[in-house]
Every structure is written in C-alpha cells, then in structure tokens.
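First comes the structure, then the notes that go with it.
Every number here is computed from the coordinates shown, using simple stated rules; none is lab data. Predicted model only: the values in this text are computed from it and were never measured. Glycine gets a Cβ as well: all are built from the backbone with ideal geometry, and neighbour counts include every protein chain shown.
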Amino acid sequence: MENKIAQFLFNRSGVPNFKKYLDLSSFRHKLIGGNIANVSTPGFKSQDVNFHQEFNRITKNSNRLEGTTTHTAHIPTGNSEARAPRPAEEKVEGDELNSVDIDKEVSNLAQNELLFTVGATLLQRKFEGIRKAIQSK
C-alpha cells in the first residue's frame, strides 16, 4: 500500500520528468566534457545533442508517434524514451585539426551547467513542497 501511495505522489508531482531532465543534462555534460578533453586530438569530431528536442522526445511532448515493443529484445522505434539520445557529430572542415571549437564548447558547458542547476533547484523545491504537505496538519 505504501509503495502505491509513494508512486502516485511522485508521479503526480512531476518527479519522473525532473529525473529525465537531470539525466539528459548529465549526458550532455559528458559529451561536452569529452569534446573539451579532445580539443587537440587529430580528426576528433565534436558531439552534442539538442537538449530541448531530446527532452521533448523523452517526455513525449511532440506530435510524433511512438512505436510499441512487445518483447524486451525488440528495438524501440520512433519517439520512444527507451532510445538513447543520438549525438550529432560535426564534420572536420578542410585543414583543421578537428571539429572542436573550444569557445563554443565552454559556452555550451556553462549553459548546460545552468540548465542542470535550475533543474536540481526545482526538484529540491518540489520535494520541499511534498514534505510540507505531508507534515501539515
């Protein structure tokens, strides 16, 4: 009984979407960190994901259909949240060492850090609100 109440409480309060938001932000942070770490690696192709498009896909906020899997071994199709984000690679142009633009990567890192901080703060406030609702008489 307690488990069902907790599931209902967390699902209705939006906690699963906050988890997805923070997971995606963490994934993007790893990609950007990898790009920065390989700034002097010859032929390296920088990778990134469109945060907002991926978040909309994961939370099903789009007009695309999602394929249904009937077995755990099936590959998810369409707009499924089970499909991992697909990082886009930038091509190496002409005689450049690689496709990493350090200024762009540092800017993306700062932006992603802000997105993560905002998501974590909102999740913390959500838990504070739940705690206050439980403790109120």
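Some observations on this one:
- Modelled spin-label separation between residue 102 and residue 120, with each label point placed 7 Å from Cα along the Cα-to-Cβ direction: 2.6 nm.
- In a fully extended conformation the segment linking residue 10 and residue 60 would gain 16.2 nm over its present Cα-Cα distance, using 0.36 nm per residue.
- Cubic angstrom per residue, convex hull over Cα atoms of the range 1-56: 81 Å³
- Point-to-point label distance, residue 92-residue 40, nm (Cα→Cβ direction, 7 Å offset): 1.6 nm
- Set 19/60; 20/91; 4/30; 30/126; 30/91 screened for pairs whose C-alpha atoms are more than 23 Å apart: 20/91; 4/30; 30/126
- Long-range HN-HN contacts of residue 48 with modeled amide H, under 5 Å: 88
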